[in-house]
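Here's the structure we're looking at; comments come further down.
The values are calculated or read from the model by the stated rules, or taken from the named source; none is laboratory data. Just so it is clear, the model here is predicted, and its values are computed rather than measured. Cβ atoms come from the backbone with ideal geometry, glycine included; neighbour counts cover every protein chain shown. Side chains are part of the model used for accessible areas, which takes the heavy atoms of the whole protein and leaves out ligands, DNA and RNA. Shrake-Rupley method; radii C 1.70, N 1.55, O 1.52, S 1.80 Å.
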Amino acid sequence: MNKLLWTLAVAATLCGLLTPHADGAQLLPPAKKAARIKIIKGPELESASDYLTIIRWTTNNPGGSDVHYGIVQYGTDPNDLSQTAKNPIRLNRSHPETTFRVRIEGLKLQTTYYYRVTSAESSGRSDGVKSTVNKFTVPGPGQRIVAELPLPVPKTK
């Protein structure tokens, strides 16, 4: 009998711990939208290989909804950026800046592409920022381009 009671007690405890409770979830209202969003670094090619290209840029924190999208409009003609790649990002409300990184796959090898970046809230509402047109060339088979990231400066006491 004790074994049965112990098994029921353990099962009840696990059910209580694993069942979601409404009081445990905290939905925060959207953060205050920034008055003016601007690109403060980039956009730039982070890396490119024969199968994947990553474009990154940094803006001041746009605020608004927590989920935003980094968007890259690109093409082989600077006047026809008709292809689009986008990746979601979750904003960190405590950071003054947001770095967007967008993956582009399936590009033609040894081809120059032109691109422009922008960002938007998860609703599709634009953040109101758009870069100038930049370019990169996809490397050949087995080659890779990697931008050098700045190393953090050690803090001195």
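Of the listed pairs Lys33/Lys135; Lys41/Lys108; Lys41/Lys130; Lys32/Lys135, which have alpha-carbon separations greater than 24 Å here? Checking Cα-Cα distances, Lys33/Lys135; Lys41/Lys108; Lys32/Lys135 exceed 24 Å.
The calculated FRET efficiency for Lys33 paired with Lys135, based on their beta-carbon distance and R0 = 30 Å, is about 0.45. The phi-based Karplus calculation (6.51 cos²θ - 1.76 cosθ + 1.60; θ = phi - 60°) puts the 3J(HN,Hα) values of segment 88-105 at x, 8, 9, 5, 9, 4, 8, 9, x, 10, 10, 9, 9, 9, 10, 8, 10, 10 Hz, whole numbers, x for Gly and Pro. Database remark: amide H of Ala147 closer than 5 angstrom to the amide H of Ser47 (H placed geometrically; neighbours at sequence offset of 5 or more, or on other chains; Pro and chain starts carry no H). These residues, Tyr115, Tyr51, go from largest to smallest accessible area, 1.4 Å probe, as Tyr51, Tyr115. Charged side chains reduced to their Cβ positions (Lys and Arg at +1, Asp and Glu at -1) give segment 25-103 a dipole of some 500 debye around its Cα centre. For the pair Thr112 and Thr99, the difference between a 0.36 nm per residue extended length and the Cα-Cα distance amounts to 2.2 nm.
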